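Report on one structure; see the data block that follows.
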Amino acid sequence: MSIAEAKSERIEVRTTPHMKALLQRAATASHKSVTEFLLEAGMSAAEDALINRRLFRLDDEQWQIFQDALDRPVTEKPRLARLLAEKSVLE
């Protein structure tokens, strides 16, 4: 986030008194406001969650296994094809 970027959005969170007290203590111990504490922790967790979807590390053996799986010929899976052809319970 850019320093010049204006904060125009609001996030509201409901919590228990115990959770709120814990967050307040942690923020105080970190010399931050609860908002700063929550935003920093939330942004860090968000970045971690998203980077795990873009980047993964494999050693040489794991990389070879991965490559072998990608190079393996496609096998027909009739049960999977039938499942995917059915209407979803969400539709």
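The values are calculated or read from the model by the stated rules, or taken from the named source; none is laboratory data. Source: prediction; values computed, not measured. For neighbour counting, all protein chains shown are included, and Cβ atoms are generated from backbone atoms with ideal geometry for every residue, glycine included.
So Glu86 clears everything in (1) modelled with pLDDT of 95 or more; (2) of a type outside the set (Gly, Ala, Ser); (3) loosely packed, with under 10 Cβ neighbours inside 10 Å except one condition, right? Which one?
It is condition (1) that Glu86 fails.
In segment 49-80, how many are more than 26 Å from the chain's Cα centre (by Cα) and among the basic types (Lys, Arg)?
Residues meeting the conditions: 3.
Under 8 Å between Cβ atoms, at least 6 apart or on separate chains: pull out the pairs that start in segment 53-75 with a residue that is among the aromatic types (Phe, Trp, Tyr) and surrounded by 10 or more Cβ atoms within 10 Å (Cβ to Cβ) and end on any residue that is modelled with pLDDT of 90 or more and in a loop (DSSP other than H, G, I, E, B).
Phe66/Leu58
I need a count of the residues in segment 9-39 that are of a type outside the set (D, E, K, R) and not in a helix (DSSP H, G or I).
The total comes to 7.
For segment 40-91, how many residues are polar (S, T, N, Q) and either touching a Lys or Arg at 6+ places or on another chain (Cβ under 6 Å) or not in a helix (DSSP H, G or I) (or both)?
3
Suppose we filter Glu40, Glu47 for residues that are at pLDDT below 95, on the phi < 0 side of the Ramachandran plot and either of a type outside the set (A, V, I, L, M, F, W, C) or touching a strand residue (DSSP E or B) at 6+ places or on another chain (Cβ under 6 Å) (or both); which single one remains?
Glu47
Anything in segment 20-45 that is surrounded by 11 or more Cβ atoms within 10 Å (Cβ to Cβ), of a type in the set (A, V, I, L, M, F, W, C) and closer than 22 Å to Arg10 by Cβ? List them, or say none.
Once the filter is applied, which keeps residues that are surrounded by 11 or more Cβ atoms within 10 Å (Cβ to Cβ), of a type in the set (A, V, I, L, M, F, W, C) and closer than 22 Å to Arg10 by Cβ, segment 20-45 yields Leu23, Ala26, Ala27, Val34, Phe37, Leu38, Leu39, Ala41, Met43.
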